[in-house]
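What follows is one structure encoded as structure tokens, with my remarks underneath.
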Amino acid sequence: MSEEKKDFKPKVVAFACHWCGVGKNEINAVEDFPDFKLIKLMCSGRINSALILKAFEKGADGIIAFGCPEGKCHYNFGNRNAAEEYKIAQSLIHLLGIEPKRLRLELDFFSEDGKLDSVIKEFVGGIRKIGPSPLRLINENK
Amino acid sequence: MYRLETTLKKEKIKLFFPRLSSDVHTISRLEPSSCRVACPAGIQVKAYIGLIVAGKFQEALDLIKKDNPLPGICGRVCTHPCESECNRRKVDESVAICALKRFVADWELKKSVKRAEPIARISDEKIAIVGSGPAGLTCANDLIRLGYGVTVFEKLPFAGGMLTAGIPSYRLPREIINKEIENITDLGVEIRLGVKVGKDVGFDELMEQGFKAFFIAVGAHQGLKLNVPGENDYQGFIDCVDFLRNVNSGDHKKPGRKVIVIGGGNSAIDASRTALRLGCDEVFVVYRRSRKEMPANVSEIEEAEKEGVKIHYLAAPVKILGKKGKVAGMECIKMRLGEPDESGRRKPVPLEGSEFVIEADVIIPSISQKPDLSFLPKDHEFKLSKWDTFEVDPVTFATNIQGFFAGGDAMSGPNTVVDAIAHGHFVARSINRYLKHKDLKKITHSSSEVREWGFRLEIEGEKPIERNHFPKLSIEKRLNSFEEVDLCFTEEQAIAEAKRCLRCGPCVECQECVAGCSKRLVMLSFPHKEAQEIGRVPEFILRVPTDPMKLPRDKRSEEVVISWRDEEEKENQLTLALEPITCFVDKDMCRGCGKCEKVCEYKAITLKPVKEGLVVSEIDESICKGCGTCVAICTTGAIKARHFTDKRIEQMLESCLNQE
Ligand SMILES: Cc1cc2nc3c(=O)[nH]c(=O)nc-3n(C[C@H](O)[C@H](O)[C@H](O)COP(=O)(O)OP(=O)(O)OC[C@H]3O[C@@H](n4cnc5c(N)ncnc54)[C@H](O)[C@@H]3O)c2cc1C
Ligand code: FES
């Protein structure tokens, strides 16, 4: 915790499919994590690398995408696509010098108590440790 | 719409996405029909009969094979408990389910079918199956399909267990057995003939060779003693299983002139009809209860009598008579039926002073069998019942020794082919879980689940339709050959017979609607995870999209009225038109790569030619459910989602990220 930069408020974008644990429950995490911005999509299959890069470009420090568990996608196949796109996006952001930790895909219904909270805490905590995204710094310094 | 949403949020009103596009109706929840419930292997009887009506014989056979890898065999010798539970019995006679199964199996045999490719091995683990009867074969078939290595050991020089060694070929031609076994070996199952496990190769040795699990399916081949004086003293006294095995191995020598078979099961009838075919002058069957109690199939008894077998009902052996070291006859006593015993059948009681003698030079006892345990070492630790059968857990079929499972006749005592098949399935499922280190105890009996659901059917007003009978070989032709007696239905007969099915329940379970719907509008959901794991689905729900999607676009929207009180306690009202989110193609931007067509599981996207050699994709919005995967995959940005454009997502991003 000591490493966390006290005055740094990470901007975290969450993409969530409409049917997964996050989208369905309209998570209270929104209130619990003020830095957390939720964008709901019909299905995690809508997520592609362009969307992820766009979010980084607009100044996100971290992106977490939520979808239904493997094989449970409401549309049967969307999250498979999401998983593929996620891999591509990981290698792309690596080229841009963005740490892989800033991007995460979670395919889960989060039916277990507290699991979602701990995932978000861990993710946002991780971003706090590494500080603002290099892209955001470039943009802000312009 | 976005701004609206923020206003609503401020008012703490939740607005969900329009769900129109994604919702579906449940049209039918299936109840299993009584025939399927009655089948130990849980075959989807109603469904395959429905397919036969439609003339879809291949589909019918494929469906049978899901639960029964030996359709041609079962179609001939099965005891068909399904027919006993058939609801048509309340109207007239049951549907000839068994013969219909045989019809589709034979129909395939007549065509030249492409032989199956071996299944790819995906697991290093090897499983040893001891015994190549129906239990062992079914288990091997299931396990090889799961990607394991499977070796079946068989002590006899031929495979098939009692099917080959016991059941005579006039009832079950050898080509049928060979063909159905070949279908299993084609998948990669190795059958090692002439290897007696425990003697030629020990269990320790097999474990060293890397076999990780064992299925003991050795059947019950040792005849029980009659316990009457003289039975060990004379030549001409031969146990039924030994007798039939010799004949089935090709020894067609006439055993004697006059033959007595003792017993009332299928095996007794088989022995008597076989003896007639070998040229014996007279053949008697002695059975201690009446015909009603006789466990052999009724049609078997009828045919035996037609062929000339004489059956003495209510008679039991007292003493074997002999002359010069050879059997000369048997003293019997007449019986009457007393109180029901623990099996529920009335117990035969001897009638004092009613003894009589039947002359004979051959006696074939066929009272019952138990497993031959000579293959086990003397100091083995298997838990056995008092009938020498293996004791297993009733759900998992695991013996008391880890890694060893038992089923079929070796576990239940002399039983039937379908039961052996059902056991084969259960054991395969258990072995799979065992090798995956999953908790064995967690399996629930899928068949007992099926059994629990009752089904009520209205039969009022059903007209009787006479049952179709398959032709039979003439008696003259039968007696000096082992040619098959029961002949097959013709195509017309089969369809006519299948039409007698009352189709208990609205749906025929065949799932053809799912496979047949090119637009993928019909879906199944599988609520039982366990059932899915073992490839059996006891229940499912059919779905089709809701009607609004069929309406033209402008009529599709749904009006929603939202009301709330503001701080001044004033009523506020807002009417919203909710429209489904669907995707569409900007034709000018599409370059026809076809990626989207592949990704759409609903088949809403098709490639349409526009000009010479030029195609663009087109989305049928009445099918699209708006998931947006095609939008994500589209490299040119030609596909857009209504109400959910890239621009809108960008706006959302911006407003999120610029908020302070
Ligand atoms: C004459 C007769 C007629 C029948 N008719 C009918 C009928 O019409 N309908 C019906 O449903 N059922 C019928 N049955 C019953 C049916 O055949 C059996 O219930 C069924 O075959 C049992 O299958 P299984 O796989 O358990 O054992 P089996 O079919 O008996 O197979 C066991 C196999 O294991 C082999 N084996 C034993 N020990 C070893 C060892 N140590 N190493 C290697 N291999 C070994 C045996 O040689 C045998 O091939 C009949 C049985 C008989 C005897
Ligand atoms: S609907 Fe949740 S991932 Fe597709």
Taking H as built 1.01 Å from N, whose amide H comes closer than 5 Å to the amide H of B:Lys608, not counting residues under 5 places away? B:Val616, B:Ser617, B:Glu618
I'm checking a number: the convex hull volume of the Cα atoms of segment A:55-108, normalised per residue, in Å³. What is it? 73
Sum up the charges of everything whose Cβ sits under 12 Å from the Cβ of B:Ile167, counting Lys and Arg as +1 and Asp and Glu as -1, but leave B:Ile167 out. +2
B:Lys114/B:Ser474 FRET efficiency (R0 45 Å; Cβ-Cβ; nearest 0.05): 0.80
List the relative contact order of segment B:225-367 as a percent without decimals, with contacts defined as Cα pairs under 8 Å and 6+ residues apart. 32
Segments B:66-75, B:350-359 sorted - mean Cβ within 10 Å per residue, highest first: B:66-75, B:350-359
On the accessible surface of segment B:583-641, probed at 1.4 Å with all protein chains in place, carbon and sulfur together account for a percent value of 54
Label-zone membership for segment B:629-653, site B:Leu614, 7 angstrom Cα→C-beta point, backbone N under 18 Å: B:636-639
Tell me the Kirkwood hydrodynamic radius of segment B:313-368 in angstroms, computed as one over the mean inverse distance between distinct C-alpha pairs. 12.6
Tell me, what is the per residue accessible area of segment B:162-317 in Å², probe radius 1.4 Å? 40
Residues with amide H under 5 Å of B:Val261's amide H, sequence separation 5 or more or different chain, H placed in the peptide plane at 1.01 Å from N; which? B:Phe284, B:Val285, B:Val286, B:Ile364
How many percent of the alpha carbon pairs in segment B:583-641 exceed a separation of 15 Å? 37
Which percent, to the nearest 5, of DSSP beta bridges fully inside segment B:225-367 are antiparallel? 55
Could you work out, residue by residue across A:54-63, how many beta carbons of other chains sit within 10 Å of that residue's beta carbon, and then give the average as an integer? 3
Considering segment B:151-272, what Rg and Dmax in Å follow from its alpha-carbon atoms? 17.3, 53
What does the structure give for A:71-77 when I average, per residue, the other chain Cβ atoms found within 10 Å of the residue Cβ? 4
List, in order, the whole-Hz ³J(HN,Hα) value for each residue of segment B:481-488 obtained from phi through the Karplus relation with A = 6.51, B = -1.76, C = 1.60 and θ = phi - 60°; use x for Gly and Pro. 8, 10, 5, 5, 7, 7, 9, 8
Counting only the heavy atoms of the protein chains, how much of B:Asp62 is accessible to a 1.4 Å probe, in Å² to the nearest 10? 80
Per-residue average of other protein chain Cβ atoms inside 10 Å, peptide A:43-53 -> 5
Given a 1.4 Å probe and no ligands, DNA or RNA in the count, how much accessible surface is buried by B and A, both sides, to the nearest 100 Å²? 2800
Residue-span extension gain [B:Asp204 to B:Leu607] - 0.36 nm each, minus C-alpha spacing: 138.9 nm
With all protein chains present, calculate the accessible area of B:Ile475 using a 1.4 Å probe and round the result to the nearest 10 Å². 50
Using the Kirkwood formula on alpha carbons, the hydrodynamic radius of segment B:225-367 in angstrom works out to 15.2
How many angstrom lie between the Cα centre of segment A:79-134 and the Cα centre of segment B:160-183? 60
Scan around B:Lys347 for amide H atoms under 5 Å from its own, H built in the peptide plane at 1.01 Å from N, and keep only partners 5 or more places away or cross-chain. B:Gly338, B:Glu339, B:Asp341
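The values are calculated or read from the model by the stated rules, or taken from the named source; none is laboratory data. Owing to the predicted nature of the structure, the values given are computational and were not obtained by experimental measurement. Ideal geometry is used to build each Cβ from the backbone, glycine not excepted, and the neighbour counts take in all protein chains shown. What goes into the accessible areas is simple: the full protein's heavy atoms, side chains included, and nothing from ligands, DNA or RNA. Shrake-Rupley method; radii C 1.70, N 1.55, O 1.52, S 1.80 Å.
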